[in-house]
Amino acid sequence: MNGVSNELLGRLRKTTLVVQTRKRGAHKGLRRSHKFGSSLEFSDFRAYQPGDDLRQIDWNIYGRTQKHYIKRYLDEQEVKTAIYLDCTKSVSIIPSKWERAKQLAATLSYIALSNEDQVSFTPVANGNPRVIQRKGAVQAKATLIDIINLSNESTSLTFTESLHTQLLKDKQLTIIITDGLEALEKYDTVLKKLAFLNCDVWFIQMLNKLELEPDYQGDVKLIDSETSSELNISMRPKIISQYEQRLHEHLKNLKKICDKYGFRYLLVNDEKTVDEILLRDCISHGWIR
């Protein structure tokens, strides 16, 4: 299934996305809240107080102690997750980068839905900007397939321009998957807006190996995939070194912006399989367990 095996899906069904925010949805899910409610998983006992539900009294304990105690159960509440996928040409024009970004968005959606959570998936700067909104494990497989089969119909808008107008409220977890190659001030603006929404944010930067380590030689023509502007240049070692230094500085500052707003940041390249990204990188960073 386009790089996502049934074996991987079986492993993902046993995992969960780690959400740190205390804000929770009101409907039932599979996550354990620190609150007590009416799920079937027993927590402990406490003394009966006027107004408590009489049906919760444990009459076996009363028979032994002549005191009224009620049972408490763990409250299970869903998490509302928003996933935003960068569909601009700088992502979609490179097949390996585009496919890996879609696989990552699809499998993260799959994990959330398998835990009976809600997922809103938004293809940002896509010609068909329909938001996919699903809930529950029964929708997990279909949602995964829908995202993997997403076409690359990019618009003329940049990722940050589109994301600024497409951010959803009332989410506990927001996941952004992008190549992060726009101007830093544009990310600062949109992430600042996101910070006011009071949710966990994962910023996943997906780059192609040649973007990280270009191996071009000689005279080449570089064409900007989004603006179509052209640049003729001789790719000498000094030029490549300067590019790598500027890219390193850009990545470092982008992470600083995420840190400033308390967001989590992860840099991955499309040479890694989705298995490695999820079950090694994300688990080692404490994002998935």
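Compute the distance in nm between two label points, each set 7 Å from the Cα along the Cα-to-Cβ direction, one at ARG246 and one at ILE93.
1.6
List the residues, sorted by chain then number, that are 5 or more residues from SER154 or on another chain and whose placed amide H is less than 5 Å from its amide H.
Here the answer is GLY127, since their amide H atoms fall under 5 Å of that of SER154.
When all protein chains stay in place, what accessible area (Å², nearest 10, 1.4 Å probe) is found for LEU251?
Here the residue's solvent-accessible area equals roughly 20 Å².
Quick one: accessible surface of TRP202, probe radius 1.4 Å, all protein chains present, in square angstrom to the nearest 10.
0
Starting from the amide H of VAL201, placed 1.01 Å from N in the peptide plane, find each other amide H under 5 Å away whose residue is 5 or more places distant or on another chain.
Residues meeting the criterion, in which the H sits 1.01 Å from N, are THR174, ARG264.
Output the pairs from LYS80/LYS255; LYS238/LYS260; LYS193/LYS256 with a Cα-Cα distance over 27 Å in this structure; if there are none, say none.
Working: LYS80/LYS255 25 Å; LYS238/LYS260 33 Å; LYS193/LYS256 16 Å.
Result: LYS238/LYS260 exceed 27 Å.
Ignoring any ligand, DNA or RNA, what whole percent of the accessible area of the stretch 113-209 comes from carbon and sulfur when the probe is 1.4 angstrom? Mind showing how you got there, number by number?
Numbers: 1930 of 3940 Å².
Carbon with sulfur: 49 percent of the solvent-accessible area.
With r as the distance between the Cβ atoms of ARG289 and ILE61 and R0 = 45 Å, compute the FRET efficiency 1/(1 + (r/R0)^6) and round to 0.05.
Result of the calculation: an efficiency of 0.85.
Need the full-extension length gain, ILE239 to LEU267, defined as separation in residues times 0.36 nm minus the C-alpha distance. One decimal, nm.
Full-extension gain reported as 7.7 nm.
Considering only DSSP beta bridges where both residues belong to the stretch 62-133, give the percentage that are antiparallel (nearest 5).
If we restrict to bridges inside the stretch 62-133, about 20 percent are antiparallel.
Taking a 1.4 Å probe, which of MET235, MET206 shows the most accessible area, and what order do the others take after it? Intermediate values should be presented prior to the final figure.
Details: MET235 25, MET206 5 Å².
Result of the area sort, largest leading: MET235, MET206.
The values are calculated or read from the model by the stated rules, or taken from the named source; none is laboratory data. As the structure is a computational prediction, the values presented were derived from the model and not from experiment. Note that each Cβ is placed from the backbone with ideal geometry, even for glycine, and that neighbours are counted across all protein chains shown. All accessible areas refer to the heavy atoms of the entire protein, side chains included, with ligands and DNA or RNA removed. Shrake-Rupley method; radii C 1.70, N 1.55, O 1.52, S 1.80 Å.
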